[in-house]
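K.L.:
I am attaching a structure below and will ask some questions about it afterwards.
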Ligand code: SF4
Ligand code: SF4
């Protein structure tokens with residue numbers, strides 16, 4: 001079953017993420033994994049949209065497999081989904097990161113610390129949002145999520161057959177991004193296949 005396999009992968013990667021998050025403060029060179037992950041996620045977007053954010057993204061895995069159980073699973077406010085806000089956050093974080101890299105150039109340990117600081121700060125914000133609203137709230141604000149949304153438009157789209165749909169909304173209830181694949185297709189779809197798996201009428205496909 002897609003859902004169980006996905007959860008197992010997310011739990012393993014999410015656990016590794018926590019180890020890296022701690023180890024990175026003792027060995028800042030680990031921080032270079034951050035830009036590597038960003039570039040990989042953007043590369044995936046050109047072929048498969050936000051597939052990176054499904055179970056490749058270590059932080060997304062941590063949110064879905066661990067934070068989820070402490071989250072009240074409230075509706076993510078529409079405010080966080082607005083593209084202008086997402087672009088402001090993307091621009092802000094890229095600017096801060098660039099200025100700090102220039103400041104510490106060419107010291108790899110200090111630059112690694114810059115990456116670790118940004119990773120830790122944004123993860124903490126994500127955890128707070130998860131504890132207030134929903135574990136994937138941050139994924140609407142994450143710079144990689146915004147870029148993969150923009151670069152991955154219409155890539156590897158979910159297919160929906162409205163003739164088969166009986167409007168049971170099981171897909172809506174299980175979507176980790178709180179999307180409505182039975183109503184509209186979204187560029188924030190993670191291509192996770194959860195909705196495809198739960199649909200009793202095979203109205204969805206990837
Ligand atoms: S719409 Fe379906 S495939 Fe897309 S994120 Fe939601 S559950 Fe996953
Ligand atoms: S789970 Fe399938 S049948 Fe139910 S609302 Fe979603 S697409 Fe329609």
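Derivation of every value follows stated rules applied to the coordinates shown; laboratory data play no part. This structure is a prediction, so every number in the text was calculated from the model and none was measured. Here the Cβ is made from the backbone with ideal geometry for all residues, glycine too, and neighbour counts use every protein chain on show.
K.L.:
Using alpha carbons only, how many angstrom separate the centre of the stretch 1-29 from the centre of the stretch 167-206?
P.N.:
25
K.L.:
Within the stretch 59-85, list the residues whose amide N lies under 19 Å from a label point set 7 Å along Cα→Cβ of residue 153.
P.N.:
81-85
K.L.:
Now a separate question. Going by Cα centres, the stretch 45-72 and the stretch 114-147 are how many Å apart?
P.N.:
A separation of 11 Å, based on Cα centres.
K.L.:
Tell me what the chain gives for mean residue ellipticity at 222 nm when only DSSP H runs of n ≥ 4 count, each as -39,500 (n - 2.57), the sum divided by the residue total, rounded to 500 deg cm²/dmol.
P.N.:
-18000 deg cm²/dmol
K.L.:
Which one, 160, 32, 92, has the greatest fluctuation when you compute a Gaussian network model over the chain with C-alpha springs under 10 angstrom?
P.N.:
92
K.L.:
On to the next question. Which residue, 63, 156, 27, has the most motion in a Gaussian network model of the chain that connects Cα atoms within less than 10 Å?
P.N.:
Looking only at 63, 156, 27, the biggest GNM fluctuation is shown by 27.
K.L.:
Tilt of helix 2-26 relative to the longest C-alpha principal axis of the chain, in degrees (0 to 90, nearest 10)?
P.N.:
Its long axis makes an angle of about 10 degrees.
K.L.:
Let me ask something else about it. Quick check: the angle from helix 33-48's long axis to the longest principal axis of the chain, C-alpha only, nearest 10 degrees?
P.N.:
30
K.L.:
With everything on Cα atoms, drop me the angle between helix 83-104 and the longest principal axis of the chain, reported from 0 to 90° to the nearest 10.
P.N.:
20
K.L.:
Which one, 71, 186, 91, has the greatest fluctuation when you compute a Gaussian network model over the chain with C-alpha springs under 10 angstrom?
P.N.:
Of 71, 186, 91, the most mobile in the Gaussian network model is 91.
K.L.:
A further question on this structure: Rounded to whole Å and ordered largest first, report the semi-axes of the equivalent ellipsoid of the stretch 54-206 derived from its Cα gyration tensor (root of 5λ).
P.N.:
Equivalent ellipsoid of the stretch 54-206: 33, 16, 13 Å, largest first.
K.L.:
Quote to one decimal, in nm, the extra length available between residue 107 and residue 166 on full extension: 0.36 nm per residue of separation minus the C-alpha distance between them.
P.N.:
15.3 nm
K.L.:
Can you put 98, 146 in order, fewest other beta carbons within 10 Å first?
P.N.:
Numbers: 98 11, 146 23.
In increasing order of surrounding Cβ atoms, one gets 98, 146.
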